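Okay, so here's the structure we're looking at.
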Amino acid sequence: MARRAGGAKAAGPLSKVSVRVKVNGVEYSHEVEPRLLLVHYIRDVLGLTGTHIGCDTSNCGACTVLMKGPWGDEWRAVKSCTFFTPQADGTEIITIEGLARDGELHPLQKAFWEHHALQCGYCTPGMILSALGFLKINPNPTREEIKKGISGNLCRCTGYVNIVKAIEAAAKEMREKGSWI
Amino acid sequence: MIPRSFQYAAPRTLPEVVKTLRKYKGDAKLLAGGHSLVPLMKLRLSNPQVIVDMRHLRPKLSYVKTDGRSVRIGALTRHAEIEHSSELRRVLPIMPTAAEWIGDMQVRNMGTIGGSLAHADPASDWPVVMLATDATMVAYSGRTRRIPAVKFFQGPFTTSLKYYEVLTEIVIPKPPPNHGWSWKKFERKAGDFATVNTAVIVIPGKGGRIERASIAVGAVHVRPYRATESERMLAGKTPTIDLLRSAAEKAAEVAEPTSDLRGSAEYKREMVKVFVRRALVEACERANLIRPQVAEVR
Ligand SMILES: Cc1cc2nc3c(=O)[nH]c(=O)nc-3n(C[C@H](O)[C@H](O)[C@H](O)COP(=O)(O)OP(=O)(O)OC[C@H]3O[C@@H](n4cnc5c(N)ncnc54)[C@H](O)[C@@H]3O)c2cc1C
Ligand code: FES
Ligand code: FES
């Protein structure tokens, strides 16, 4: 096992850590290097490449996933590039792959399609999961509130107008259906 | 970007956390929300050998509690929890208002108040609020030490915490219900760190006078500061727009901004005058000491 020069003795051998998570309803258990970032775990270990890496510096939101656990029983949007995998031990996660049900798109996915809220689509998974996390906190937002809600997500194509419209439309449908996911 | 390798520990209790910190001397780092530490480690600006994750302490150290005299906030309370606390909206509205302005929703979902204070970025938001509200930081290392905010922030990214001390709680004396307050943050783009930020608390006295004002300013000095000269100018006075303007100008004299992407030193000093003035006006309005002002004056 690799030892670090210098303070190696103090820290001892570097060991892997076991992690159990539930992603899109499926339970996983792995031994990981503690430094493995959650976004890399999701993409490279679980093979769920719908979660993107944009900036890799906590700014763009492309890596956003929903997580339940660290806050009690609430789903919250987090940036998976700013997260060590062991921190996620015992949590539940939803990625973009987990939104459609039996081949039917989630209201947010449908609204993004219908309102032309994407062009290249790179920001879209993160944008949709942020929107979903935001609607969990505020199910009936104004346009202004939506803009603030998704301010942690950058889109380089659309100019945001259609994204805001799509979220507004989806929020309405979700309220009417009384369902969130 | 991948950080250097490290050992990971997630102790179950506070004494175990302290034991781990003591064992590895300065080589271990606490991990709270990770929203300052993880980016630094990815850039390899910080390379701790051991990470001590406090996630198991969350049930104990995440709370907002109020009693007759004070508000107590657990160090692992996330920015979002402060933002959405209806109790704080009622008794200490400057806190949820300041929280709203930190980064973006995802950052607020993870970042903790304790992590922000211990990190002591000179441009961050909580230290400024702590100074203005006369907060006390509670540190644990086997025994408990209480550190007033004015002694806590020592310089850029430097606090008076020892490497084996864990910040566990923030205690804020409850201001009277009729206090005026204001939080102003000037940012270059949405979710950015402040170019200038300022927190003001005004306690109204008899006959339309200010009994006491506290003014804290951040992002324009090596550490956030209290504008004590300006506070003295206001104590016992009936506020007028001119008086508030002079107090704001006085507050800018203490600033020692540096020129960077967010503006030149000269520009930032001007912005201190503008934002402290606006904050003073808003706080005096809320304390019913002046009539609501038209936009140009504010
Ligand atoms: C995109 C982005 C935008 C941001 N914008 C803002 C902003 O506008 N304003 C702002 O103020 N901040 C901003 N931040 C910083 C954010 O608020 C961080 O959450 C906060 O600074 C650190 O809190 P944390 O819980 O994430 O701490 P961590 O990153 O886990 O820790 C930070 C440091 O504090 C130490 N530490 C943590 N907890 C304790 C404790 N209880 N006792 C002793 N030491 C401890 C750690 O060892 C580490 O050195 C932003 C961050 C990002 C990524
Ligand atoms: S990749 Fe940009 S915030 Fe995570
Ligand atoms: S659709 Fe291309 S970045 Fe948003």
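Yes/no per residue for (1) closer than 27 Å to B:H84 by Cβ; (2) of a type in the set (V, I, T):
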residue: A:T85; (1), (2): no, yes
residue: A:G90; (1), (2): yes, no
residue: A:W113; (1), (2): no, no
residue: A:F134; (1), (2): yes, no
residue: A:I137; (1), (2): yes, yes
residue: A:R143; (1), (2): yes, no
residue: A:R156; (1), (2): no, no
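Return the residues of the range A:84-117 that are over 29 Å from B:M54 (Cβ atoms), assigned to a loop (DSSP other than H, G, I, E, B) and either within 16 Å of the chain's Cα centre (by Cα) or within 16 Å of ligand 2 (Cβ to nearest atom) (or both); say none if nothing qualifies. A:L99, A:A100, A:H106 - these are the residues of the range A:84-117 that are over 29 Å from B:M54 (Cβ atoms), assigned to a loop (DSSP other than H, G, I, E, B) and either within 16 Å of the chain's Cα centre (by Cα) or within 16 Å of ligand 2 (Cβ to nearest atom) (or both). Under the condition of being within 22 Å of the chain's Cα centre (by Cα) and in contact (Cβ under 8 Å) with a residue 24 or more places away in the chain, the residues counted in the range B:221-248 number 11.
Within the range A:118-135, is even one residue away from ligand 2 (no atom under 16 Å from the Cβ), under 18 Å from A:L154 (Cβ atoms), open to solvent by 10 Å² or more (accessible area, probe 1.4 Å) and among the aliphatic types (A, V, I, L, M)? For the range A:118-135, residues away from ligand 2 (no atom under 16 Å from the Cβ), under 18 Å from A:L154 (Cβ atoms), open to solvent by 10 Å² or more (accessible area, probe 1.4 Å) and among the aliphatic types (A, V, I, L, M): present. Looking across the range B:225-263, the residues that are open to solvent by less than 50 Å² (accessible area, probe 1.4 Å) and closer than 16 Å to B:E187 by Cα come down to B:P257, B:G263. Residue by residue through the range B:91-111, note down the ones that are open to solvent by 10 Å² or more (accessible area, probe 1.4 Å), near ligand 1 (Cβ under 8 Å from one of its atoms) and touching a residue at least 60 places away in the same chain (Cβ under 8 Å). B:W101, B:G103, B:D104, B:V107 - these are the residues of the range B:91-111 that are open to solvent by 10 Å² or more (accessible area, probe 1.4 Å), near ligand 1 (Cβ under 8 Å from one of its atoms) and touching a residue at least 60 places away in the same chain (Cβ under 8 Å).
Scanning the range A:100-126 for residues being more than 16 Å from ligand 1 (Cβ to nearest atom) and within 30 Å of B:L31 (Cβ to Cβ) gives a total of 2.
How do the helices (runs of 4 or more DSSP H) wholly within the range B:1-81 filter down when requiring 3 or more residues that are within 11 Å of chain A (Cβ to nearest Cβ), within 18 Å of B:Q106 (Cβ to Cβ) and open to solvent by less than 40 Å² (accessible area, probe 1.4 Å): which remain? Let's see the steps before the verdict.
Values: elements: B:14-23, B:37-42, B:58-61.
Result: B:37-42.
Does the range B:53-68 include one or more residues that are among the acidic types (D, E) and over 26 Å from B:S85 (Cβ atoms)? Within the range B:53-68 (the criterion being among the acidic types (D, E) and over 26 Å from B:S85 (Cβ atoms)), the answer is no, since none of the residues qualifies.
A:I150: aliphatic (A, V, I, L, M) and surrounded by fewer than 24 Cβ atoms within 10 Å (Cβ to Cβ), yes or no?
Numbers: aliphatic (A, V, I, L, M): yes; surrounded by fewer than 24 Cβ atoms within 10 Å (Cβ to Cβ): no.
Criteria not met by A:I150.
You will find that of A:V39, A:V17, A:V21, the residue that is touching a residue at least 12 places away in the same chain (Cβ under 8 Å), open to solvent by 10 Å² or more (accessible area, probe 1.4 Å) and in contact with a Phe, Trp or Tyr (Cβ under 8 Å, 6 or more places away or on another chain) is A:V17 and no other.
Residue-wise test of (1) assigned by TED's automatic domain parsing to the domain that holds B:S116; (2) not small (G, A, S).
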position	(1), (2)
B:L21	no, yes
B:G26	no, no
B:H35	no, yes
B:D53	no, yes
B:R72	yes, yes
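Give me a count of the residues in the range A:100-140 that are more than 12 Å from ligand 3 (Cβ to nearest atom) and more than 15 Å from A:A171 (Cβ to Cβ). The number of residues fulfilling the criteria is 7. Looking only at the range A:91-131, which residues are free of Cβ contacts under 8 Å to residues at least 24 places away in the same chain and acidic (D, E)? Answer for the range A:91-131, where residues must be free of Cβ contacts under 8 Å to residues at least 24 places away in the same chain and acidic (D, E): A:D102, A:E104.
Can you pull out every residue in the range B:17-66 that is farther than 24 Å from A:T57 by Cα, over 20 Å from the mean Cα position of the chain (by Cα) and in contact (Cβ under 8 Å) with a residue 40 or more places away in the chain? Passing the criteria: B:V17, B:V18, B:L21, B:R22, B:K25, B:G26, B:H56, B:L57, B:K60. Taking the residues in the range A:42-83 that are part of a helix (DSSP H, G or I) and more than 10 Å from every other protein chain (Cβ to nearest Cβ) as candidates, determine which candidate is surrounded by the fewest Cβ atoms within 10 Å (Cβ to Cβ). Going through the qualifying residues, I end up with A:D44. Of all residue pairs spaced 6 or more apart or on separate chains, those with beta-carbon atoms under 6 Å, a first member in the range A:132-159 that is more than 12 Å from chain B (Cβ to nearest Cβ) and a second member that is among the aliphatic types (A, V, I, L, M) and open to solvent by less than 20 Å² (accessible area, probe 1.4 Å) are A:R143/A:V164.
The values are calculated or read from the model by the stated rules, or taken from the named source; none is laboratory data. Bear in mind that the values here come from a model prediction, so they are computed numbers and not experimental data. Every residue, glycine among them, receives a Cβ derived from its backbone with ideal geometry; neighbour counts consider all protein chains shown. The accessibility values were calculated without ligands, DNA or RNA, using every heavy atom of the protein model including side chains. Shrake-Rupley method; radii C 1.70, N 1.55, O 1.52, S 1.80 Å.
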